[in-house]
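What follows is a short report on a single structure.
The values are calculated or read from the model by the stated rules, or taken from the named source; none is laboratory data. Just so it is clear, the model here is predicted, and its values are computed rather than measured. Neighbour counts run over all protein chains shown; Cβ positions are idealised from the backbone, glycine included. The area values use the complete protein model at the heavy-atom level, side chains included, leaving out ligands, DNA and RNA. Shrake-Rupley method; radii C 1.70, N 1.55, O 1.52, S 1.80 Å.
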Amino acid sequence: MAQDQRTPVILEQHGAIAVITISNPPLNTLSHSVRLGLDRVLTQVMTDSEIKGAVLCGEGRAFCAGADVREFDQAPQAPSLPDIIRLIEACPKPVVALIHGVAFGGGLELALGCHYRLAGSKARLALPEVKLGLIPGAGGTQRLPRLVGIDVAIDLVTSGRPVGADEAAALGLVDALIEGDEIEFAVDFVDRGSTQLPVPLSQRASPEAPPTSVFVDKRASVVRRARGQESPLKALESIEFGLSVPFEEGLRNERAVFQALRTSPQSRALRHAFFAERAVAKIPGLEKTHPRDIQHLGIVGGGTMGIGIAVCALKAGFNVVLLERTLAESTQAREGIEASLQEFVERGRMTSSDHTAACQRLVSDTDYGCLSTVELVIEAVFEDMGIKKEVFRRLDKYAPEGTILATNTSYLNTDEIAAVTARPEDVIGLHFFSPAQLMRLLEVVKGEKTAPHVVATCLAFARRLDKVGVLAGVCDGFIGNRILFHYRKQVDYMLEDGAMPWEIDQAMESFGMAMGPFRVMDQAGLDIGWANRQRLAPTRPRRERYVEIADRLCERGWFGRKSGQGWYVYQADGTVLPNPEVEPIIHTESARHGIERRFFSVEEIQNRVMLAMINEAARVLEEGIALRPLDIDMVKVFGYGFPRWRGGPMHFADETGLDEILKALKDYAMTDDVFWKPSSLLEQLVREGRTFSDLN
Ligand code: NAI
């Protein structure tokens, strides 16, 4: 048995079979030292006459999670991954990939270079490069079609979706599913098959190219799904190109596209999002604070949000007690939760037995006495300070000592709510987004007196719900809604000055937003914004411009989708059309204020919205409401449909150039110095020649 400690690649002999283990924790990424190690041991396998074949595997929970993303910003160093794969294919002895955990990106490409692939029950295989704005760069788009055919290859490469062991076997992506001891199974597999070496994928003929029309359709569907992101289309094109040229030419083209994308703004943005998503959970000062274990959750209020929160908590395995005002409302909430869980079953995302178990973990009642075992309770009653205070007084009386008391308020001051209890250190905001069972963002709102372990526990709770928990401070609207509230004012101004709602929606959707602002308002209900504007009316600065168009719609009872019309009309057959009655209302309002309506280009609409968003976001930072620019980016990406491939508003601002942003703000401020007053943080950064990224 030979072992080498110098590199993170270990070779052990099991009889005549070499077991090569990548040992680069936690995910066995293909860093430069791993590639060097693979190069060395593969050469040993080729030259050592006592070795008949090899098993390639990974230590710990991953086979190999692909390239080391941090190396993307550096110049490539030899040997490259394609070099390693070439070496495997040239090996006259069988090399078999033992995939027991994730084989992602370069990890799967490495496996595709092997002569056979075996999968354990926990295997997950994917080419997720498009999610980082890239395409596979080590033969993935060339070898995969040769193994599983064009349709499957296009699906996997353009979506980046992972497949489990059974699906991988059904697709022909793996040759066998492992039974029993993994290493023993794989060693035995090599031992038995060593006389028949299959033709490496690179030397097999590519599948026959389908008629051009097939690719025209595929292209259209990829473009539709990618919503402005370029890499999925590039991946498709790389597959298409490879069908009509020799393997080596396809590979060269793929590598060239990969290298070009590596330095593209979209890939930079997606990589920023990749790291930011992981960084939000790391809170300076909380590293040593241990989260408490939570098993029992209480929820007060079983409306839209209470139901959604209950569904995601039950799915994640928590026991839930839900309190409503009356027995009828409590029953209704239970029915809503069960029906929503059932939808997951119907979509194949939950088994029937998990559904039954989840329903059994739910207690719905009206009696606060049921809260005797909860460790965390989330209030989700009406957005009304008086009602919320009353609920918190009762929670203070009934919830066991040490229970975390959370509010799901969207805008209200959590410190004021905490003050009605005798334990403000246990009070926190947990701001979920609608629909809570699907939206990934969770703002964790730390009050003036909230204890550090309460924050740490809530961030850990977010992770258990598979949510992205972002720490926020107390202010009206916290991070996300505060920025939203601000740029919606700008949207209203454009409406009164000349743009139509659907023009603004289209402009922002073509920027990459999941939905334009007016569609979002219709979806959420115009009454919510109306109530909020009325609440804020007494404190609105006297010189601030106020547009009443949305109020005019609300006065007519047009609250958006739920009332059948708002900015748009929602027909019974599902058709959505601009509401023809909105246009005259807008014109009347413009005329009433003596405004001569003018044309807004798509570019101007996008600029104004982005500048408003960035300026308010800078203020949110300056006031310490958000810890870092990356927290704001993740709030907008995970809660507000901001295109991930633009990285978030702060990353976008850096890419645009802060000096340019400031200059544009100052230009606009000449016509409205209240709205466009530049944030002092932005001015300071420009003065010092720094960026938002420097504050991360
Ligand atoms: P909702 O009106 O759908 O539900 C509120 C529920 O609370 C009702 O079922 C009501 O019966 C119940 N309730 C009222 N007083 C109660 C009491 N004293 N005890 C027990 N139950 C009581 O409201 P929704 O939309 O679920 O909102 C709840 C909270 O979540 C609000 O603070 C809202 O601002 C916030 N929120 C709402 C979002 C949304 O998109 N709907 C998004 C994020 C937060």
Of Ser121, Ser159, which residue is out of contact with any helix residue (DSSP H, G or I) (no Cβ under 6 Å at 6 or more places or on another chain), assigned by TED's automatic domain parsing to the domain that holds Val214 and hydroxyl-bearing (Ser, Thr, Tyr)? Ser159
Hey, can you tell me all the residues within region 509-542 that are among the charged types (D, E, K, R), within 15 Å of the ligand (Cβ to nearest atom) and over 15 Å from Pro578 (Cβ atoms)? Asp527, Arg533, Arg535
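Give the residue, chosen from Thr351, Thr366, Thr356, that is surrounded by fewer than 17 Cβ atoms within 10 Å (Cβ to Cβ) and either in contact (Cβ under 8 Å) with a residue 24 or more places away in the chain or in contact with a Cys (Cβ under 6 Å, 6 or more places away or on another chain) (or both). Don't jump to the end; show me each part of the working.
Working: Thr351 fails: either in contact (Cβ under 8 Å) with a residue 24 or more places away in the chain or in contact with a Cys (Cβ under 6 Å, 6 or more places away or on another chain) (or both); Thr356 fails: either in contact (Cβ under 8 Å) with a residue 24 or more places away in the chain or in contact with a Cys (Cβ under 6 Å, 6 or more places away or on another chain) (or both).
Among Thr351, Thr366, Thr356, only Thr366 is surrounded by fewer than 17 Cβ atoms within 10 Å (Cβ to Cβ) and either in contact (Cβ under 8 Å) with a residue 24 or more places away in the chain or in contact with a Cys (Cβ under 6 Å, 6 or more places away or on another chain) (or both).
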Considering only region 45-66, state which residues are in a helix (DSSP H, G or I) and either crowded, with 22+ Cβ neighbours inside 10 Å or among the β-branched types (Val, Ile, Thr) (or both). Val45, Thr47
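Is at least one residue of region 306-322 farther than 20 Å from Arg463 by Cα and either within 31 Å of the chain's Cα centre (by Cα) or of a type outside the set (Gly, Ala, Ser) (or both)?
Taking region 306-322 as the starting set, the residues that turn out to be farther than 20 Å from Arg463 by Cα are 321-322.
Still in the running and either within 31 Å of the chain's Cα centre (by Cα) or of a type outside the set (Gly, Ala, Ser) (or both): 321-322.
There is at least one residue in region 306-322 that is farther than 20 Å from Arg463 by Cα and either within 31 Å of the chain's Cα centre (by Cα) or of a type outside the set (Gly, Ala, Ser) (or both).
Among the residues of region 341-362, is any in a strand (DSSP E or B) and either within 16 Å of the ligand (Cβ to nearest atom) or in the same structural domain as Ala462 (by TED's automatic domain parsing) (or both)? Steps first, answer last, please.
Residues of region 341-362 that are in a strand (DSSP E or B), as a first pass: 362.
Filter once more, keeping what is either within 16 Å of the ligand (Cβ to nearest atom) or in the same structural domain as Ala462 (by TED's automatic domain parsing) (or both): 362.
Yes, the conditions are met somewhere in region 341-362.
Any residue that is within 16 Å of the ligand (Cβ to nearest atom) and charged (D, E, K, R) - is there at least one of those in region 311-323?
no
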Arg255: farther than 22 Å from Glu237 by Cβ and in contact (Cβ under 8 Å) with a residue 12 or more places away in the chain, yes or no? no
Subset of region 667-678 that is charged (D, E, K, R) and over 17 Å from Ile605 (Cα atoms) - its residue that is least open to solvent (accessible area, probe 1.4 Å): Asp673
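Mind listing whichever residues of region 640-651 are of a type in the set (Gly, Ala, Ser) and crowded, with 24+ Cβ neighbours inside 10 Å? Steps first, please.
Within region 640-651, the subset of a type in the set (Gly, Ala, Ser) is 641, 647-648.
Selection gives Gly647, Gly648.
Quick one: how many residues across region 430-459 are part of a helix (DSSP H, G or I) and either of a type in the set (A, V, I, L, M, F, W, C) or within 14 Å of the ligand (Cβ to nearest atom) (or both)?
Counting residues in region 430-459 that are part of a helix (DSSP H, G or I) and either of a type in the set (A, V, I, L, M, F, W, C) or within 14 Å of the ligand (Cβ to nearest atom) (or both) gives 5.
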Index of the failed condition, Ser372 passing every other in (1) open to solvent by less than 40 Å² (accessible area, probe 1.4 Å); (2) more than 10 Å from the ligand (Cβ to nearest atom): (1)
Please go through region 300-336 and pick out each residue that is aliphatic (A, V, I, L, M), part of a helix (DSSP H, G or I) and open to solvent by less than 50 Å² (accessible area, probe 1.4 Å). Met305, Ile307, Ile309, Ala310, Val311, Ala313, Leu314, Ala333
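Does region 282-299 contain at least one residue that is within 22 Å of the chain's Cα centre (by Cα) and away from the ligand (no atom under 16 Å from the Cβ)? It would help to see each step written out before you state the result.
From region 282-299, those within 22 Å of the chain's Cα centre (by Cα) are 282-283; that's our starting set.
Next cut, away from the ligand (no atom under 16 Å from the Cβ) only: 282-283.
The answer is yes; a qualifying residue exists.
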Taking the conditions exactly as written (open to solvent by less than 40 Å² (accessible area, probe 1.4 Å) and within 8 Å of the ligand (Cβ to nearest atom)), does Thr407 satisfy them or not? yes
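Provide a single number: the residues in region 377-403 that are more than 16 Å from the ligand (Cβ to nearest atom) and buried (at least 18 other Cβ atoms within 10 Å of the Cβ). Working first, answer last.
Here is the first cut: in region 377-403, the residues more than 16 Å from the ligand (Cβ to nearest atom) are 400-403.
Still in the running and buried (at least 18 other Cβ atoms within 10 Å of the Cβ): 403.
Result for region 377-403: 1.
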How many residues are open to solvent by less than 50 Å² (accessible area, probe 1.4 Å) and in contact (Cβ under 8 Å) with a residue 40 or more places away in the chain when one looks only at region 518-538? 7
Any pair with Cβ under 9 angstrom, 6 or more apart, that starts in region 593-612 at a residue that is assigned by TED's automatic domain parsing to the domain that holds Met500 and ends at one that is open to solvent by 80 Å² or more (accessible area, probe 1.4 Å): Arg597/His587; Phe600/Glu503; Val602/Glu503; Val602/Gln506; Ile605/Glu503; Ile605/Gln506
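Sort through Ile483, Ile428 and tell me the only one that's closer than 24 Å to Asp633 by Cα and touching a residue at least 40 places away in the same chain (Cβ under 8 Å).
Values: Ile428 fails: touching a residue at least 40 places away in the same chain (Cβ under 8 Å).
When all the criteria are applied, what remains is Ile483.
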Note: among Lys449, Lys489, just one is surrounded by fewer than 23 Cβ atoms within 10 Å (Cβ to Cβ) and over 17 Å from Ile614 (Cβ atoms), namely Lys449
Here are the criteria: (1) at pLDDT 95 or above; (2) under 27 Å from the mean Cα position of the chain (by Cα); (3) surrounded by fewer than 24 Cβ atoms within 10 Å (Cβ to Cβ); (4) of a type in the set (Val, Ile, Thr). Tell me which single one Val69 does not satisfy. (1)
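I'd like to check which strands (runs of 3 or more DSSP E) are fully inside region 78-189 and have at least 3 residues that are open to solvent by less than 10 Å² (accessible area, probe 1.4 Å) and among the aliphatic types (A, V, I, L, M). First the steps, then the outcome.
Details: elements: 95-99, 102-104, 116-119, 124-126.
So the answer is 95-99.
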Scan region 684-696 for residues that are open to solvent by less than 60 Å² (accessible area, probe 1.4 Å) and assigned to a helix (DSSP H, G or I) and jot them down. Leu685, Val686, Leu695
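Could you check, for region 35-43, whether at least one of its residues is part of a loop (DSSP other than H, G, I, E, B) and either surrounded by fewer than 24 Cβ atoms within 10 Å (Cβ to Cβ) or in the same structural domain as Arg161 (by TED's automatic domain parsing) (or both)? If you could, list the steps in order and put the result at the bottom.
Filtering region 35-43 down to residues part of a loop (DSSP other than H, G, I, E, B) leaves none.
Looking for residues that are part of a loop (DSSP other than H, G, I, E, B) and either surrounded by fewer than 24 Cβ atoms within 10 Å (Cβ to Cβ) or in the same structural domain as Arg161 (by TED's automatic domain parsing) (or both), one finds none in region 35-43, hence no.
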Result of the Cβ filter at 6 Å on region 1-28, keeping first residues that are within 23 Å of Gly66 (Cα to Cα) and partners that are open to solvent by less than 20 Å² (accessible area, probe 1.4 Å) and at pLDDT below 95, at least 6 apart or interchain, is none
If you go through region 416-424 one residue at a time, do you hit one that is basic (Lys, Arg) and either more than 15 Å from the ligand (Cβ to nearest atom) or on the phi > 0 side of the Ramachandran plot (or both)? yes
